[in-house]
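Single-structure report; data block below.
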Amino acid sequence: MTTHLRGSARRDYVTLPWGRVHYRHAGDQDAPVVLMLHQSPLSSATYEPALAPLAARGVRAVAVDTPGFGMSDAAPGPWSIPEYARALWQIADAIGLDSVHLLGQHTGAIVAAEAALQQRQRIRGLVFQGIPLYSDEERAEKSASYAPGYTPAADGGHLRVIWDRVRRLYPTIGAESASRQVAEYLSVGPDYAVAYRAVFAHRLDTAALAGIPTLLLHGGDDVLNRMNKEVQAAFPDAPLTVIPGGTDFVAEERPKEFASALAAHVRAHAAGESDEAGAAGAQGRGAAPVPLSKPLYTATVEADGGRAGRVRSLTGALDLPLSRPADRGDGDPGSDPEELFAAGFAACFRSALDVAARRRRTPLTATTVTASVTLGTTAPTGTPGPDRYGLTVALHVSDPGVPADELAELVADADLICPYANAIRGNIPVSTQVTGKG
């Protein structure tokens, strides 16, 4: 699905000191709000196809044209990232938004992060749809050569310059989407790199964002997918959801999958985080624990000998030797805590999918859940003090008989049902891959 610059969603303007700001929106006034910021030099039309699916999932979605882009008036001069962030809060105030989730893509992600630092008390959560954490060398290189602009030509040659740039960046997108982007470039003018330069000049304090519930969400073919390692290191508590086959424009290519993943994060953190919970998150701990209202079952397992010992359940059904992976030879029957955790998580999540499927009346076929649990250190080599260890989890959910967008919705629902997922949310980074039909 692609959209023209105007689209078909409800659209409005607010008037601010520098001019009018255009935005499009959907959803109930009382629903939790996600304020969406596009990449440069494009517009909120990127999110048009996802607005109705977000509204259907109980989220109020507001997608803004950054000042100077799309159908919003330009700023009086070049702005820095902090100025774009301050303007975002002026826009939110003019629309009547109080506490929000912020979603930003590329340039929009940097603006969203800075806005969160400026008014953290209004932030319910963050979603980064590709966030450019460039090194100093990369920023200097891009400042010198990236997005050189165009010169209007009487023969229309500048249109070819823009078209070729769009096709070089996104060779797999359709002609309609590429055509809209040409219109978006033209709406900005020959110097379309004004916001890029602000990004290249800005140094984001990612550590100061610790404790804010954050989701990393983008298409597998997004141009910033290459930065996953750096971004996950900067946001170690943020789960990563990659939508296979999606480009930078996954919100219009796979709007239901995108909306399901985004809505699940927004709903999970709709109440926001208290100062106490935020401080706990910043120290690597989760929010305040929620007591069980009705215990259903208790499993008891005894371990002796540590990682080279044995585990036995009270029922006797589980009785396994353990061995360290580094010491394990051929034929060694020993397991390890990571395998046991992966088994429990995968089985639990698979059962949660059954519950989600029954609620949606979506038949599953050959559904499998694979959990990969990785043990590693959490502090850079040479850091003073004792070694610190942590885990990451990668989930792969597959069902060849369920359409990919429907399966993604079930996975988002199961993530809120599964007690393992609820227990580790905000404490262990989880990446999710969904493979369905089509």
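The values are calculated or read from the model by the stated rules, or taken from the named source; none is laboratory data. This one's a predicted model, so the numbers in the text were calculated from it and none came from an experiment. Cβ sites come from the backbone with ideal geometry, for glycine too, and all protein chains shown count toward neighbours. Quick note on the areas: whole protein, heavy atoms, side chains included, nothing else; ligands and nucleic acids left out. Shrake-Rupley method; radii C 1.70, N 1.55, O 1.52, S 1.80 Å.
Would you say V21 is open to solvent by 10 Å² or more (accessible area, probe 1.4 Å), in contact (Cβ under 8 Å) with a residue 60 or more places away in the chain and closer than 21 Å to Q90 by Cβ?
no
Suppose we filter segment 258-285 for residues that are at pLDDT below 50 and either open to solvent by 20 Å² or more (accessible area, probe 1.4 Å) or more than 25 Å from V242 (Cα to Cα) (or both); how many remain?
First, the residues of segment 258-285 that are at pLDDT below 50: 273-285.
Okay, now just the ones that are also either open to solvent by 20 Å² or more (accessible area, probe 1.4 Å) or more than 25 Å from V242 (Cα to Cα) (or both), so 273-280, 282-285.
Qualifying residue count, segment 258-285: 12.
Out of A144, A140, report the one residue that is open to solvent by 70 Å² or more (accessible area, probe 1.4 Å), over 21 Å from H38 (Cα atoms) and in a helix (DSSP H, G or I).
So the residue among A144, A140 that is open to solvent by 70 Å² or more (accessible area, probe 1.4 Å), over 21 Å from H38 (Cα atoms) and in a helix (DSSP H, G or I) is A144.
Which of (1) modelled with pLDDT of 95 or more; (2) assigned to a helix (DSSP H, G or I) is the odd one out, the single condition L133 does not satisfy?
Exception for L133: condition (2).
Answer yes or no as to whether D221 is farther than 21 Å from V266 by Cβ, within 15 Å of the chain's Cα centre (by Cα) and either β-branched (V, I, T) or crowded, with 17+ Cβ neighbours inside 10 Å (or both). Spell out how you get there, then give the answer.
On the way: farther than 21 Å from V266 by Cβ: yes; within 15 Å of the chain's Cα centre (by Cα): yes; either β-branched (V, I, T) or crowded, with 17+ Cβ neighbours inside 10 Å (or both): yes.
Yes: the conditions hold for D221.
Name the pairs: first residue in segment 94-115 and within 18 Å of L54 (Cβ to Cβ), second residue among the polar types (S, T, N, Q) and in a helix (DSSP H, G or I), Cβ to Cβ under 8 Å, at least 6 apart or on different chains?
The qualifying pairs are Q105/T46.
Just name the residue that is nearest to A251 (Cα to Cα) out of those in segment 153-178 that are over 27 Å from the mean Cα position of the chain (by Cα) and not in a helix (DSSP H, G or I).
G156
Need pairs with beta-carbon distance below 8 Å; first residue touching a residue at least 24 places away in the same chain (Cβ under 8 Å) and within segment 329-341, second part of a helix (DSSP H, G or I) and of a type outside the set (A, V, I, L, M); sequence gap 6+ or separate chains.
Pairs found: D336/R307; D336/P325; P337/R307.
Within segment 185-218, which residues are open to solvent by 40 Å² or more (accessible area, probe 1.4 Å) and over 22 Å from the mean Cα position of the chain (by Cα)?
L186, S187, P190, D191, R197, A201, listed by residue number.
Looking at segment 239-257, which of its residues are of a type in the set (G, A, S) and surrounded by 24 or more Cβ atoms within 10 Å (Cβ to Cβ)?
A251
Has segment 356-369 got at least one residue that is open to solvent by 20 Å² or more (accessible area, probe 1.4 Å) and assigned to a strand (DSSP E or B)?
Checked against the condition, which is being open to solvent by 20 Å² or more (accessible area, probe 1.4 Å) and assigned to a strand (DSSP E or B), segment 356-369 yields at least one hit.
Answer with yes or no whether V127 is in contact (Cβ under 8 Å) with a residue 40 or more places away in the chain, open to solvent by less than 70 Å² (accessible area, probe 1.4 Å) and either part of a loop (DSSP other than H, G, I, E, B) or in contact with a strand residue (DSSP E or B) (Cβ under 6 Å, 6 or more places away or on another chain) (or both).
The answer is yes for V127.
If you check S44 against the conditions, is it under 14 Å from Q105 (Cα atoms) and without any contact (Cβ under 8 Å) to a residue 40 or more places away in the chain?
Values: under 14 Å from Q105 (Cα atoms): yes; without any contact (Cβ under 8 Å) to a residue 40 or more places away in the chain: yes.
In short, yes.
Could you run through segment 86-108 and say how many residues are buried (at least 24 other Cβ atoms within 10 Å of the Cβ) and either part of a helix (DSSP H, G or I) or more than 23 Å from the chain's Cα centre (by Cα) (or both)?
Looking only at that region, the number is 3.
Check A87, A75 and return the single one that is closer than 13 Å to R20 by Cβ and at pLDDT below 95.
A75
When you go through A50, A75 one by one, which is the residue that is in contact (Cβ under 8 Å) with a residue 40 or more places away in the chain, open to solvent by less than 30 Å² (accessible area, probe 1.4 Å), of a type in the set (A, V, I, L, M, F, W, C) and in a helix (DSSP H, G or I)?
A50
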